[in-house]
Amino acid sequence: MKVREVQDGIRSLYASDASKYEKEHNKKLLIRRIYEMIPSQMENKKKRVVVQNIRDKKGDRFDQYKEEFEYLISSGISLAVNAISNPHFPLSESLQKNLLKLYLNDVGLLTGILYRNNIRPVLDDIRSINLGSVYENVVAQELRAHGHKLYYYDNRKQGEVDYLVDNHTTMSAHPIEVKSGKDYTEHSALNNLLKVPEYNVLAATVISNERKVYQEGKVTYMPVYFVMFMEADSAQTDEEEYIF
């Protein structure tokens, strides 16, 4: 298929640019290795980057790969989602710099890697195929394109919430859960977050494959394609900041 050929070409260009960057800086970096790990990393229960898996060395630390991460993110090849320790506005105040998720900058590239020339996994409702990583990548891509800085929250007691963004108008954090299955109304981590008054979470969104929009309490349910309307508010800055 022509589209997949173009996507393969794009990935080859990314690899070529990474090699040029390494030569210019006289360093042998693992940019390509980290990039190629992103799809499999997204399939894990904990989707964050595990640096020990990059070279299969238990003693490796996050700081050893700062240049690789900075290149992938600042070049726009990958989208960064940083962990926060306190889901309270403004989210950047509790950023955990050594906990990071990476997504591809184009969900089409992801589906090309996962399914090659077969488009049925995306078009048809095939129960044996989990589209969770595809949906999460779509949401990351759209939120970032609309000016949001992306964060996630993972707490041992409360669970993990896929995304949080700042709402500068209401001065509160806005959590977003992504569900690809039929059980989209089940979201214990999000419920736990909403129960804590100190977090001041005024509203939340669940994005799923259900083709209707409705609200229950603080939670608004909407189809995945509605993420295109989630613009960052006017107080949001477009200036990007990378913290390693």
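A few remarks follow.
- Qualifying residues in region 171-207 (those that are without any contact (Cβ under 8 Å) to a residue 60 or more places away in the chain and polar (S, T, N, Q)) - the one nearest to Ile126 (Cα to Cα): Ser180
- Qualifying residue in region 22-30 (condition: under 20 Å from Leu110 (Cβ atoms) and without any contact (Cβ under 8 Å) to a residue 40 or more places away in the chain): no
- Residue check, Ile31 at pLDDT 90 or above, buried (at least 18 other Cβ atoms within 10 Å of the Cβ) and in contact with a Phe, Trp or Tyr (Cβ under 7 Å, 6 or more places away or on another chain): yes
- Filtering region 125-154 to residues that are closer than 16 Å to Thr111 by Cβ and among the aliphatic types (A, V, I, L, M) leaves Ile126, Ile129, Leu131, Val134, Val138, Val139, Ala140.
- Taking the criterion of being surrounded by 13 or more Cβ atoms within 10 Å (Cβ to Cβ), charged (D, E, K, R) and in contact (Cβ under 8 Å) with a residue 40 or more places away in the chain, the residues of region 38-71 that qualify are Lys47, Arg48, Lys66, Glu67, Glu70.
- At least 3 residues being touching a residue at least 12 places away in the same chain (Cβ under 8 Å) and over 24 Å from Ala18 (Cβ atoms) is the threshold, and among the strands (runs of 3 or more DSSP E) wholly inside region 72-166 those reaching it are 151-155.
- So Arg61, is it modelled with pLDDT of 90 or more, of a type in the set (Lys, Arg) and more than 22 Å from Ser12 (Cα to Cα): yes
The values are calculated or read from the model by the stated rules, or taken from the named source; none is laboratory data. What you see is a predicted model; the values in this text were computed from it and never measured. For neighbour counting, all protein chains shown are included, and Cβ atoms are generated from backbone atoms with ideal geometry for every residue, glycine included.
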